[in-house]
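The values are calculated or read from the model by the stated rules, or taken from the named source; none is laboratory data. Fair warning: this is a prediction, and the values are worked out from it, not measured in the lab. Note: ideal-geometry Cβ built from the backbone for every residue, glycine included; neighbour counts use all protein chains shown.
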Amino acid sequence: MGRFGSAFLLAVTLFAAILAGTSAAVCNAADKQSLLAFKSQLLDPKNALAAWTSSSDCCKWTEIQCNPSGRVTGLFLGDTFSAPNLPSGYQLKVKKGIQGAGAPLGNLKELTELFLRRVAFGFVYPIPPQLSNLLKLRRLSLLDCEFIGPIPSTIGNLVQLTDLVINNNRLSGPAIPDTFGKLKALRTLSIVNNGLTSLGSQKLTLLKNLETVDLGNNKFSGGIPKWLGGITLSSPISATLILSGNPFTGPIPGELCNIKGLISLYIANTRVTAIPAQIGNCQSLKVLYLVNNKLRGSLPAGMGKLQKLQTLALGSDNKNFNRMTGTLPAALGDLPDMGDFDIANNDFSGRIPANFGPFSIFKVPIEMTRFQGNNLSGPIPASLKDVPADRFRPGNPGLCGTPLPAC
């Protein structure tokens, strides 16, 4: 058979043995009872959970993952790629008047992953405090679950969490309880599209393994807190901070450039008024996405120092948002990896520097290249000749040359 054939056969045999051991596991009786107790709290008109019966092995239910000992380690209820076991758009609804809605889930002591999407708690129930009993939990995702109330401080007990995603609910109060400072393993924090009114505790600065922090579409107001510059984003690929969709006001604090390794910064659809002069200190920045704000003034000189920048988005949907002025620094054209450049509907004037474009690391114009709605004039650089004309018009009455009429 040969060395390769023998090794392959051994690998297949071992894999089959692992699968056989896993499939042979019978669901722990207490875990099954907890799952059935949770099912009894749900309205399921399409009988999506028909397999959940007392006479069946819960380790064979589509939504359940077990370890070789038969303990439930994963529960996935949703209509997404991550949990494709409910009909698309379908909701499981928690019955009204339930005492301890969702509480049975807190008895699944071996659970490491909990994913709920469209399990609707009807905007009358909070996040079950019993979830803080799941001390082995590594990933917690609660999407479109119609939770209300504050984020439980007891989530800080889940010290093995690597991913915490609580999106599209109706939560209130602060985003970050003091106890989050204990979540030392946390990589992803996403609390998007809720009703949170403050960022809360600065204990987020104690976490050294964060890769993505997304707090978009809440109700945070006032200035962006300077202490956010003290957080650590450790991923060399995806270190991202997202604050978009909040009514923040005032200038973007220069302290954000103290975030070591910051790769992507999204502050869009807010009321912030200025790009900090210290922007040149964001040496790792690849994406700066600041569309539809209230930005005024000129581009800081330090912008030309962002040698890794690939996306610079300062545009607006109309003249009610960003209205930046001044000329376009020639240094922007020297940025080697610039791919997307959007300044639509500002008030920039003067010429487009001759060294601009083509704005793509692949050297072809792409969707986000937009100059329209400004007061630019003079010849369009030959390197931008393939950008569609509607990316320069309306506005810019003094611009000429391909793709516009000749000068």
Going by what's in this entry, would Leu105 be described as assigned to a strand (DSSP E or B) and in contact with a strand residue (DSSP E or B) (Cβ under 9 Å, 6 or more places away or on another chain)? no
On the given criteria, is Lys260 under 23 Å from Ile231 (Cα atoms) and at pLDDT below 95? yes
Run Leu241 past the list (1) part of a loop (DSSP other than H, G, I, E, B); (2) of a type outside the set (Phe, Trp, Tyr); (3) touching a strand residue (DSSP E or B) at 6+ places or on another chain (Cβ under 7 Å); (4) under 22 Å from Thr188 (Cβ atoms) and report the number of the one that doesn't hold. (1)
Please name all residue pairs, on different chains or six or more residues apart, with Cβ atoms under 9 Å, provided the first residue is in the range 109-135 and is closer than 13 Å to Leu171 by Cα and crowded, with 18+ Cβ neighbours inside 10 Å and the second residue is of a type outside the set (Lys, Arg) and modelled with pLDDT under 95. Tyr125/Ile98
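This table checks each residue for (1) assigned to a loop (DSSP other than H, G, I, E, B); (2) closer than 25 Å to Asn167 by Cβ; (3) small (Gly, Ala, Ser).
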site	(1), (2), (3)
Cys27	yes, no, no
Gln33	no, no, no
Ala37	no, no, yes
Lys46	yes, yes, no
Ala50	yes, no, yes
Ser54	yes, no, yes
Ser69	yes, no, yes
Gly89	yes, yes, yes
Of all the residues that make up the range 246-287, how many are crowded, with 19+ Cβ neighbours inside 10 Å and in a strand (DSSP E or B)? 5
Filtering the range 158-181 for residues that are in contact with a Phe, Trp or Tyr (Cβ under 7 Å, 6 or more places away or on another chain) and not hydrophobic (A, V, I, L, M, F, W, C) leaves a count of 2
Quickly run through the range 391-407 and pick out the residues that are surrounded by 14 or more Cβ atoms within 10 Å (Cβ to Cβ), in contact with a Cys (Cβ under 7 Å, 6 or more places away or on another chain) and not in a strand (DSSP E or B). Gly401
What number of residues within the range 313-331 satisfy the criterion of being buried (at least 21 other Cβ atoms within 10 Å of the Cβ) and within 18 Å of Ser383 (Cα to Cα)? 1
Looking at the range 140-149, can you tell me whether even one residue there is within 26 Å of Asp31 (Cα to Cα), among the acidic types (Asp, Glu), in a loop (DSSP other than H, G, I, E, B) and free of Cβ contacts under 8 Å to residues at least 60 places away in the same chain? yes
Of everything in the range 192-230, what is closer than 23 Å to Asp144 by Cβ, out of contact with any strand residue (DSSP E or B) (no Cβ under 8 Å at 6 or more places or on another chain) and aliphatic (A, V, I, L, M)? Give them in sequence order. none
Hey, among Leu86, Leu158, which residue is of a type outside the set (Ser, Thr, Tyr), buried (at least 18 other Cβ atoms within 10 Å of the Cβ), in contact with a strand residue (DSSP E or B) (Cβ under 9 Å, 6 or more places away or on another chain) and closer than 25 Å to Ala51 by Cβ? Leu86
If the requirement is being over 24 Å from the mean Cα position of the chain (by Cα), of a type in the set (Ser, Thr, Tyr) and closer than 30 Å to Ala25 by Cα, which of these qualifies: Thr112, Thr73? Thr73
Do you know which residues across the range 371-390 are surrounded by 18 or more Cβ atoms within 10 Å (Cβ to Cβ) and touching a Ser or Thr at 6+ places or on another chain (Cβ under 9 Å)? Gly373, Asn374, Leu376, Ile380, Leu384, Val387
Suppose the filter is farther than 22 Å from Asn246 by Cα and either surrounded by fewer than 16 Cβ atoms within 10 Å (Cβ to Cβ) or of a type in the set (A, V, I, L, M) (or both); does Leu306 pass it? yes
In the set Lys39, Lys46, Lys96, the lone residue that is surrounded by 13 or more Cβ atoms within 10 Å (Cβ to Cβ) and either out of contact with any Pro (no Cβ under 7 Å at 6 or more places or on another chain) or at pLDDT below 95 (or both) is Lys39
Can you name the condition, by its number, that Gly302 falls short on among (1) in contact with a helix residue (DSSP H, G or I) (Cβ under 9 Å, 6 or more places away or on another chain); (2) assigned to a loop (DSSP other than H, G, I, E, B)? (2)
Could you give me the residue pairs with C-beta distances under 9 Å whose first residue belongs to the range 222-245 and is at pLDDT 95 or above and basic (Lys, Arg), whose second residue is surrounded by 14 or more Cβ atoms within 10 Å (Cβ to Cβ) and part of a helix (DSSP H, G or I) wherever it lies, and which are 6+ apart or on separate chains? Lys226/Gly254; Lys226/Glu255; Lys226/Leu256
Matching entry among Leu233, Leu164 (being in contact with a Leu (Cβ under 6 Å, 6 or more places away or on another chain), not in a loop (DSSP other than H, G, I, E, B) and not aromatic (Phe, Trp, Tyr)): Leu164
Residue count, the range 317-335 (criterion: more than 16 Å from Gly297 (Cα to Cα) and within 27 Å of the chain's Cα centre (by Cα)): 3
